[in-house]
Amino acid sequence: MEKKNLIVGQSGGPTAVINSSLYGVVSEGIKQEEIGHVYGMINGIEGFLKGTILDFEEALPGEKLEYLTYTPGAYLGSCRYKLPESLKDPVYPELFRKFEEMNIGWFFYIGGNDSMDTVSKLSRYAAMIGSDIRIIGEPKTIDNDLVHTDHTPGFGSAARYVASTVREITLDANVYEKKSVTIVEIMGRHAGWLTAASALARKYTGDNPLLIYLPETAFDTEEFLKKTEACFEKNCNVVVCVSEGIHDNKGTFICEYDNSVGTDTFGHKMLAGCGKYLENLVRSRLGVKARSIELNVSQRCSASMLSDADRQEAITAGIFGVQAALKGETGKMVSFIRQETSEGVYQMRCGLEDVNEICNEEKTVPLSWISQDGSDVTEDFIHYARPLIQGNVELPMGEDGLPVCVYRK
């Protein structure tokens, strides 16, 4: 009997470890006797529809495959293609016809909320037509906003990058003995996990960042100005960290106060600019030196601050997903379950969750982990996040003095 093949794709915004999850899936798939070829979809489900695929044993033979675990970005390329809501749409029989042509028995999709929506629709369509293809979602997002999992691969490395960068910004801001405000804008539309990670930058009580604002609570510009001015009593150089999605009590994004904001293909507002708005507000109202820094894509594309805990967990998730699919699991997303030893040492194990309960949902920072005035996070968040940023990764270096990464030709 001819062996079935495995195919895997990546979707949505990349992370520093999305290729580590890919490595986990591919390396485990190649090991399994039941699996013939391991294919990759170039540019996700959209690319697959166009027939752009690769065979991993040809593209990354031997030890080259391991270099995925040091390579940021999405090796296979990404897409933001939304499958139709109606399972009667002709795209579904077209997809499954292509699966049949390639003798696909296992389908893996690595991504966030919208990617899990794709996994949900494909698994429901497979059930509807009686297909035996096993369809599994591998979690990914620096935003850490997937429900039914303790955290997501990608968050730990991004959190480490944020904390390290904010610490460096703080040291830079402290050079002069003249009042200044530095506003750091960090990714996070509705969930402030990544901005909250800036609290990890502090070395002592009262250290910068002195103010941290998440989108889970309403932002009041007048209160912000009062708190900022009061911070000068602690430090003449004030660092403030804000999520890109901070909004007022009416739900209006602060970046909309003086900007026109567009939307992406999923109807999400494309946010940017609240840092610049607040910079101008501080300068005009408080009369002090002000600057804003938008960390932007560096939060997700930097391998220099890789958390080894994050990297290893991403690989584990990929391996676990393949093993689960071979046991017959489908329509599931790999999840992380937090455990602690009797000594309080952090541990993680993988589980499976119904993808239909995950897609199009968002996990936000618990309000109990945010200070009552909405300008900081509590020790509960610190306890949660600190284990996820641990462990150094020694990157392989090339003759040019730069890290070695793999590129798709």
Tabulated pairs, the stretch 292-308, first under 20 Å from residue 279 (Cα atoms), second part of a helix (DSSP H, G or I) and among the hydroxyl-bearing types (Ser, Thr, Tyr), C-beta under 9 angstrom, 6+ apart or interchain: 292/277; 293/165; 295/161; 295/165
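Considering only residues that are among the polar types (S, T, N, Q) and touching a helix residue (DSSP H, G or I) at 6+ places or on another chain (Cβ under 8 Å), which ones fall in the stretch 331-363?
Here is the first cut: in the stretch 331-363, the residues among the polar types (S, T, N, Q) are 335, 339, 341-342, 347, 356, 360.
Within the stretch 331-363, 356, 360 meet the criteria.
Can you spot a residue in the stretch 6-29 that is β-branched (Val, Ile, Thr) and surrounded by fewer than 19 Cβ atoms within 10 Å (Cβ to Cβ)? Before the answer, list the steps.
Just the residues of the stretch 6-29 that are β-branched (Val, Ile, Thr), to begin with: 7-8, 15, 17-18, 25-26.
Still in the running and surrounded by fewer than 19 Cβ atoms within 10 Å (Cβ to Cβ): none.
No, because not a single residue in the stretch 6-29 is β-branched (Val, Ile, Thr) and surrounded by fewer than 19 Cβ atoms within 10 Å (Cβ to Cβ).
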The stretch 244-280: number of residues that are part of a loop (DSSP other than H, G, I, E, B), modelled with pLDDT of 90 or more and surrounded by 14 or more Cβ atoms within 10 Å (Cβ to Cβ): 4
Close pairs from the stretch 330-344: first more than 30 Å from residue 128 (Cα to Cα) and open to solvent by 40 Å² or more (accessible area, probe 1.4 Å), partner at pLDDT 95 or above and part of a loop (DSSP other than H, G, I, E, B), Cβ under 9 Å, at least 6 apart: 337/149; 337/150; 338/150; 338/151
Selection within the stretch 370-391 - touching a Leu at 6+ places or on another chain (Cβ under 8 Å) and either modelled with pLDDT under 95 or open to solvent by 60 Å² or more (accessible area, probe 1.4 Å) (or both): 386
Residues (in a helix (DSSP H, G or I), among the hydroxyl-bearing types (Ser, Thr, Tyr) and open to solvent by less than 30 Å² (accessible area, probe 1.4 Å)) located in the stretch 52-98: 69, 92
Selection within the stretch 110-132 - open to solvent by less than 10 Å² (accessible area, probe 1.4 Å) and out of contact with any Gly (no Cβ under 6 Å at 6 or more places or on another chain): 110, 117, 118, 120, 121, 122, 126
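I'd like the full set of residues that are in a loop (DSSP other than H, G, I, E, B), open to solvent by 100 Å² or more (accessible area, probe 1.4 Å) and under 25 Å from residue 162 (Cβ atoms), limited to the stretch 392-401. Spell out the reasoning first.
So in the stretch 392-401, the residues in a loop (DSSP other than H, G, I, E, B) come out as 392-396, 398-401.
Filter once more, so that each one left must be open to solvent by 100 Å² or more (accessible area, probe 1.4 Å): 392, 394, 399-400.
Listed by number, the residues that qualify are 392, 394.
Name the residues in the stretch 221-241 that are out of contact with any helix residue (DSSP H, G or I) (no Cβ under 8 Å at 6 or more places or on another chain) and open to solvent by 20 Å² or more (accessible area, probe 1.4 Å), would you? Spell out the reasoning first.
Step one: filter the stretch 221-241 for residues out of contact with any helix residue (DSSP H, G or I) (no Cβ under 8 Å at 6 or more places or on another chain), giving 222-223, 226-227, 230-236.
Across the stretch 221-241, the qualifying residues are 222, 223, 226, 227, 230, 232, 233, 234, 235, 236.
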Any hit, the stretch 121-130, residues being of a type outside the set (D, E, K, R), within 24 Å of the chain's Cα centre (by Cα) and at pLDDT 95 or above: yes
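Which residue, of 298, 342, 304, 292, is under 15 Å from the mean Cα position of the chain (by Cα) and among the polar types (S, T, N, Q)?
On the way: 342 fails: under 15 Å from the mean Cα position of the chain (by Cα); 304 fails: under 15 Å from the mean Cα position of the chain (by Cα); 292 fails: under 15 Å from the mean Cα position of the chain (by Cα).
Going through 298, 342, 304, 292 in turn, just one is under 15 Å from the mean Cα position of the chain (by Cα) and among the polar types (S, T, N, Q): 298.
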Among (1) more than 23 Å from residue 323 (Cβ to Cβ); (2) among the β-branched types (Val, Ile, Thr); (3) surrounded by 15 or more Cβ atoms within 10 Å (Cβ to Cβ) - the single one residue 35 does not satisfy: (1)
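The values are calculated or read from the model by the stated rules, or taken from the named source; none is laboratory data. Model, not experiment: these values are computed from the prediction. Here Cβ is always computed from backbone atoms with ideal geometry, including for glycine, and neighbour counts include all displayed protein chains. With ligands, DNA and RNA removed, areas are computed over all heavy atoms of the protein, side chains included. Shrake-Rupley method; radii C 1.70, N 1.55, O 1.52, S 1.80 Å.
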